[in-house]
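Presented below is the structure to which this report refers.
Just so it is clear, none of the values below were taken in a lab; they were calculated from the coordinates. Not measured: the values here are computed from a predicted model. Virtual Cβ from ideal backbone geometry, glycine too; neighbours counted across all protein chains shown.
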Amino acid sequence: MSAKILSGREAADALLATMKPKVKKLDPKLVVVQVGNDPASASYIKQKFKSCEAVAMRSEHIHLKEDTTIETLMDIVLKLNADPDVTGFIVQVPLPPALQPHVPQIVKAIDPKKDIDGFGAYNLGKMFLSTEFEHLPPATPGGIIVLLEHYKIPIAGKHVVVVGRSNTVGKPIAVMLLNRDATVTVCHRHTKNLGLLTRQADILIAAVGKAGLITGDMVKEGAVVIDVGMNKTEKGLVGDVDFDSVSLKASAITPVPGGVGPMTVASLIRNCVTAKERQLQK
């Protein structure tokens, strides 16, 4: 079996195309706050602004020095909350070591109406209720759902195994899949006999940040495999899935790069449009 490649770039382009007329009508504005010069962050931010350009969305980059204090950063967050011209904004992570312990404080301070990363407790809590309340879901889980829908991969009634339980990917994607009538198993570092569980998955989602964790012998024939991992190695950027061995057994698989990554960015753009729609309603 040769797995079908689930191109995130193709699905992201399709999603962005549906956003373009809405952006023209609503004129939202996205702001990205960056502290320091983390290379990975710079790459992610570049992709976000590239997607903004693709849909003609206004954007702004607030780039702060590495030694920025928490007081200065919080002041900027409060100003963005109060600025009626700013539809949504994100504080790019990871932050410098001195600021990293303050991430929960920063996320809590962001106005839920402008929380287009979907990391705040208000938007996460709404997501638990039903699909109708998934207004601003975390960008990566939201992107995964759109990817599955784009390729017409059924979710209802399927057994989905999620490997990873982060607050940004693992937990929220499990809830969003439950909202769509999947049976969901969540695995993590303390899970015993991981392979026994992953081999039961109709849809397997790997989101742990460990290169090549999922190998061919851990996947059943015909499974759909979504690789969220982005790991730097000597061979370049690789996922949490050993692509060569797993692609021989899976019916469909996302590549790394070019799979979930573009969907995360496109989902962020969609969240900004949704935020603008909801702000105008109120």
Item checked: Length-normalised contact order for the chain - Cα pairs under 8 Å, 6+ apart - percent -> 24 percent
Next item on the list: For Asp67 and Asn81, compute 0.36 nm times the residue count separating them, minus their Cα-Cα distance, and round to one decimal in nm.
Entry: 2.8 nm
Margin query: Just to confirm a number: summing +1 for Lys and Arg and -1 for Asp and Glu over residues other than Asn179 whose beta-carbon lies under 15 angstrom from that of Asn179, what do you get?
Written below: 0
Check: Who wins for biggest fluctuation among Ser59, Ser245, Ser43 in a Gaussian network model of the chain, springs between alpha carbons below 10 Å?
Finding: Ser43
Check: Taking the Cα atoms only, what angle lies between the long axis of helix 70-82 and the longest principal axis of the chain, rounded to 10 degrees?
Finding: 80 degrees
Checklist line | Long-range HN-HN contacts of Thr185 with modeled amide H, under 5 Å | finding: Val160, Val161, Val162
Check: Which entry is the computed percent of Cα pairs over 29 Å apart for this structure: [x] 36; [y] 33; [z] 49?
Finding: [y]
Notebook entry, point to check: How long is the stretch 138-260 along each principal axis, judged by its Cα atoms, biggest number first, in Å?
Noted result: 39, 29, 29
Margin query: Angle check, please: helix 260-281 long axis (alpha carbons) against the longest principal axis of the chain (alpha carbons), in degrees 0 to 90, nearest 10.
Written below: 40 degrees
Checklist line | Derived scalar couplings ³J(HN,Hα) [the stretch 90-101; Karplus, 6.51 cos²θ - 1.76 cosθ + 1.60; whole Hz; x for Gly, Pro] | finding: 10, 9, 5, 10, x, 8, x, x, 5, 9, 3, x
Notebook entry, point to check: Is the shape of the stretch 27-112 rounded, prolate or oblate, going by the alpha carbon gyration tensor and its root eigenvalues a ≥ b ≥ c, with a/c under 1.5 for rounded and a/b larger than b/c for prolate?
Noted result: oblate
